[in-house]
Amino acid sequence: MESRLNYFGHPLAGKVLKHINSANKTVADSPLPPTVQELVKIRASQINGCGFCTDMHTKDAAHAGETVQRLHLVAAWREAEVFTEAERAALELAEQGTRIADAAGGVTDEAWADAAKHFDEDQLIALISLIAVINAYNRINVINQQPAGDYQPGQFG
């Protein structure tokens, strides 16, 4: 598979990515736990069928010490007993926030309340922002058919 165009090498795309990357850096530096951040990125990327981001974030998570077992179970997190209640709440919010067009009511009050039990306001802001940012990256890569498999941890800084 080849990408439709050299998105990452184009000057206009560089300007767009500068802002998305800046938002991503703000979230990365937030009080939202890094483990939760990677799990959310992986799950949203799986839902969106973004191989490039799934490859990147599973490799980054493994490089940061995430277990193979947990990485294999992200797609089936509801049935897996290896995730904390906070991680489960974040994954539910990520799923509902990613599938927002599939649900007439958007994100449920129940999913929000569950997340709010585990995360403070700063963390919730970061979580909402992270869900938006990873969905933006996913859409760019899926539309452009960005190939997956060659990512190396730390490749983008």
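The values are calculated or read from the model by the stated rules, or taken from the named source; none is laboratory data. Fair warning: this is a prediction, and the values are worked out from it, not measured in the lab. Counting neighbours? That spans all protein chains shown, and the Cβs are built from the backbone with ideal geometry, glycine included. The area values use the complete protein model at the heavy-atom level, side chains included, leaving out ligands, DNA and RNA. Shrake-Rupley method; radii C 1.70, N 1.55, O 1.52, S 1.80 Å.
Below 14 angstrom from the Cβ of residue 88, what's the summed charge of the other residues (Lys, Arg +1; Asp, Glu -1)?
Details: positive: 43, 70, 78, 117; negative: 79, 81, 85, 87, 92, 95, 110, 114.
For residues surrounding residue 88, the net value is -4.
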Practice task
On a 0 to 90° scale, report how tilted helix 109-118 is relative to the longest principal axis of the chain, with both axes built from alpha carbons and the result rounded to the nearest 10.
Solution key: 90 degrees
Problem - lysines with Cα under 22 Å of residue 25, excluding same-chain neighbours fewer than 8 positions away - result: 15, 41, 59
Exercise for the section: Starting from the eigenvalues of the Cα gyration tensor, five times each then square-rooted, give me the equivalent ellipsoid semi-axes of the range 32-83, largest first, whole Å. Expected result: 15, 14, 10
Exercise for the section: Distance between Cα centroids, the range 25-55 to the range 66-95: provide it in whole Å. Expected result: 12 Å
Fill in the blank from the handout: In degrees rounded to 10, the 0-90 angle between helix 34-48 Cα long axis and the longest Cα principal axis of the chain is 70 degrees
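Can you pull the percent of the chain's accessible area that's carbon plus sulfur, 1.4 Å probe, other chains left in place? The partial results should precede the final answer.
Values: 4860 of 8750 Å².
Ligands and nucleic acids excluded, carbon and sulfur give 56 percent.
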Problem - For the range 73-117: accessible area per residue (Å², 1.4 Å) - result: 56 Å²
Practice task
Give the dimensionless ratio obtained when the Cα radius of gyration of the range 30-157 is divided by 2.2 N^0.38 Å.
Solution key: 1.01
Problem - Cα long-axis angle, helix 51-63 against the chain (0 to 90 degrees, to the nearest 10) - result: 60 degrees
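Can you compute the FRET efficiency between residue 21 and residue 62 using 1/(1 + (r/R0)^6), with r the Cβ-Cβ distance and R0 = 25 Å? Round to the nearest 0.05. Provide the component values of the computation, followed by the final result.
Details: r = 22 Å, r/R0 = 0.88.
Working from the Cβ atoms, E equals 0.70.
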